[in-house]
Amino acid sequence: FTGIWTRGLLIRRNISDNELAYFSTWCPQGTPIEALVTVEGHRWAIEDSFETAKNELGLDHNETRSWHGWHRHVSLVMMAFAMMAAIRRRANAITAPKKLLKIASTLP
């Protein structure tokens, strides 16, 4: 997109309890509402990732006194998080051997 960017307000209502959530937007003029909603939906996954990095990998356990020390700490934590995500993805992608699938399909 090139051209004029605009600020906006995206309001989401929870269907179960009618609670409202407000999100500030900054996007190219004419961006479809579907695109804004999609981007906002990714926010929860990102927040969950940072929470995991804090709880499991110590993202918030730094006592650095310089920008370089902080940068090293955050870089190592993010590298460990990326490795953990890759291992999890690979482990979830493993399927059962064909022989077991064949046996399972014959069971009542």
Taking interchain pairs and intrachain pairs at least six residues apart, which have beta carbon atoms under 9 angstrom, with the first residue in the stretch 81-107 and at pLDDT 65 or above and the second surrounded by 10 or more Cβ atoms within 10 Å (Cβ to Cβ) and outside any helix (DSSP H, G or I)? 81/59
Residue 12 vs. criteria at pLDDT below 90 and part of a helix (DSSP H, G or I): no
Report whether or not residue 36 is in contact with a strand residue (DSSP E or B) (Cβ under 8 Å, 6 or more places away or on another chain), touching a residue at least 24 places away in the same chain (Cβ under 8 Å) and either aromatic (Phe, Trp, Tyr) or farther than 30 Å from residue 84 by Cβ (or both). yes
Output yes when any residue across the stretch 41-58 is closer than 21 Å to residue 5 by Cβ and surrounded by 12 or more Cβ atoms within 10 Å (Cβ to Cβ), and no when none is. no
Would you mind stating whether residue 31 is β-branched (Val, Ile, Thr), modelled with pLDDT under 90 and surrounded by 12 or more Cβ atoms within 10 Å (Cβ to Cβ)? no
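If you check residue 36 against the conditions, is it modelled with pLDDT of 90 or more, of a type outside the set (Lys, Arg) and exposed (fewer than 10 other Cβ atoms within 10 Å of the Cβ)?
no
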Here are some conditions: (1) touching a Pro at 6+ places or on another chain (Cβ under 8 Å); (2) closer than 26 Å to residue 85 by Cα. Residue 4 meets all but one. Which one does it not meet? (2)
Taking residue 80 as meeting all but one of (1) surrounded by fewer than 10 Cβ atoms within 10 Å (Cβ to Cβ); (2) under 18 Å from the mean Cα position of the chain (by Cα), write down the number of the exception. (1)
Report, by residue number, each residue of the stretch 45-65 that is part of a loop (DSSP other than H, G, I, E, B) and either in contact with a helix residue (DSSP H, G or I) (Cβ under 6 Å, 6 or more places away or on another chain) or in contact (Cβ under 8 Å) with a residue 40 or more places away in the chain (or both). 59, 60, 62, 64
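The values are calculated or read from the model by the stated rules, or taken from the named source; none is laboratory data. Since the structure is predicted, the reported quantities are computational estimates derived from the model, not experimental observations. Note that we place each Cβ from the backbone using ideal geometry, even for glycine, and neighbour counts take in every protein chain shown.
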